[in-house]
1. If you take the residues of the range 58-74 that are of a type in the set (V, I, T), under 12 Å from V101 (Cβ atoms) and open to solvent by less than 80 Å² (accessible area, probe 1.4 Å), which of them is modelled with the lowest pLDDT?
2. Do we have any residue at all in the range 84-92 that's among the charged types (D, E, K, R), out of contact with any Gly (no Cβ under 8 Å at 6 or more places or on another chain), farther than 17 Å from S35 by Cα and modelled with pLDDT of 95 or more?
3. Which of the residues belonging to the range 78-91 are in contact (Cβ under 8 Å) with a residue 24 or more places away in the chain and over 10 Å from the mean Cα position of the chain (by Cα)?
4. Looking only at residues in the range 56-70 that are touching a helix residue (DSSP H, G or I) at 6+ places or on another chain (Cβ under 8 Å) and not polar (S, T, N, Q), which one is farthest from A18 (Cα to Cα)?
5. Please count how many residues of the range 97-113 are surrounded by fewer than 16 Cβ atoms within 10 Å (Cβ to Cβ) and under 19 Å from E58 (Cβ atoms).
6. Of the residues in the range 27-52, how many are more than 15 Å from M96 (Cβ to Cβ), of a type outside the set (G, A, S), outside any strand (DSSP E or B) and at pLDDT 85 or above?
7. Take V111 and tell me if it is under 20 Å from A18 (Cβ atoms) and either more than 12 Å from the chain's Cα centre (by Cα) or modelled with pLDDT under 95 (or both).
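The values are calculated or read from the model by the stated rules, or taken from the named source; none is laboratory data. Quick caveat: nothing in here was measured; it's all calculated off a predicted structure. Here Cβ is always computed from backbone atoms with ideal geometry, including for glycine, and neighbour counts include all displayed protein chains. Side chains included, ligands, DNA and RNA excluded: accessible areas come from the protein's heavy atoms. Shrake-Rupley method; radii C 1.70, N 1.55, O 1.52, S 1.80 Å.
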Amino acid sequence: MTEDLQTGIIRISDDVVATIAGLAALETPGIAAMSGGISEGLAKRLSGKNVQKGVSVEVGQVEAAIDLRIIVHYGIPIQEVCRQLQLNVRESVENMTGLQVVEVNVKVEGVAFKEDEPEETQYRLK
């Protein structure tokens, strides 16, 4: 995003938008982790330390498009989780940046089983 003001220009980098989207994704219930993608070998589950993994963004002057690659928890309705994920990411990016998010595409690349997950990403029933 670039905005001309009387006092200067505001630019929001792709990395900032990707970080916001990644954090919002990891905070969504039912999301086990972000996926590093098949191109990086086996789909790796990544913790919040590298939230840009699994996130691709295209940022224009007033709009953004976001692609997410995720791993979901087993037993959770994937369609519902993905819809909530799209809403959470859209809301977070729009609220923090002022950009209009035109699309949030989600690719589910894996299912995490409780015994396969690192301790910090295990699904906890409430």
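1. Let us first name the residues in the range 58-74 that are of a type in the set (V, I, T), namely 59, 62, 66, 70-72.
Adding the requirement that they be under 12 Å from V101 (Cβ atoms) leaves 59, 62, 66.
Narrowing further to those that are open to solvent by less than 80 Å² (accessible area, probe 1.4 Å): 59, 66.
Numbers: V59: 93, I66: 97.
Ranking the candidates gives V59 first.
2. The answer is yes, given that some residue of the range 84-92 is among the charged types (D, E, K, R), out of contact with any Gly (no Cβ under 8 Å at 6 or more places or on another chain), farther than 17 Å from S35 by Cα and modelled with pLDDT of 95 or more.
3. Scanning the range 78-91 gives I78, E80, V81, C82, Q84, E91.
4. So the first thing to find is which residues in the range 56-70 are touching a helix residue (DSSP H, G or I) at 6+ places or on another chain (Cβ under 8 Å), and the list is 56-59, 64, 66, 68, 70.
Now restrict to residues that are not polar (S, T, N, Q): 57-59, 64, 66, 68, 70.
Values: V57: 6, E58: 9, V59: 10, A64: 10, I66: 8, L68: 10, I70: 14 Å.
Residue satisfying both the conditions and the ranking: I70.
5. Counting residues in the range 97-113 that are surrounded by fewer than 16 Cβ atoms within 10 Å (Cβ to Cβ) and under 19 Å from E58 (Cβ atoms) gives 6.
6. So the answer is 2.
7. On the way: under 20 Å from A18 (Cβ atoms): no; either more than 12 Å from the chain's Cα centre (by Cα) or modelled with pLDDT under 95 (or both): yes.
The answer is no for V111.
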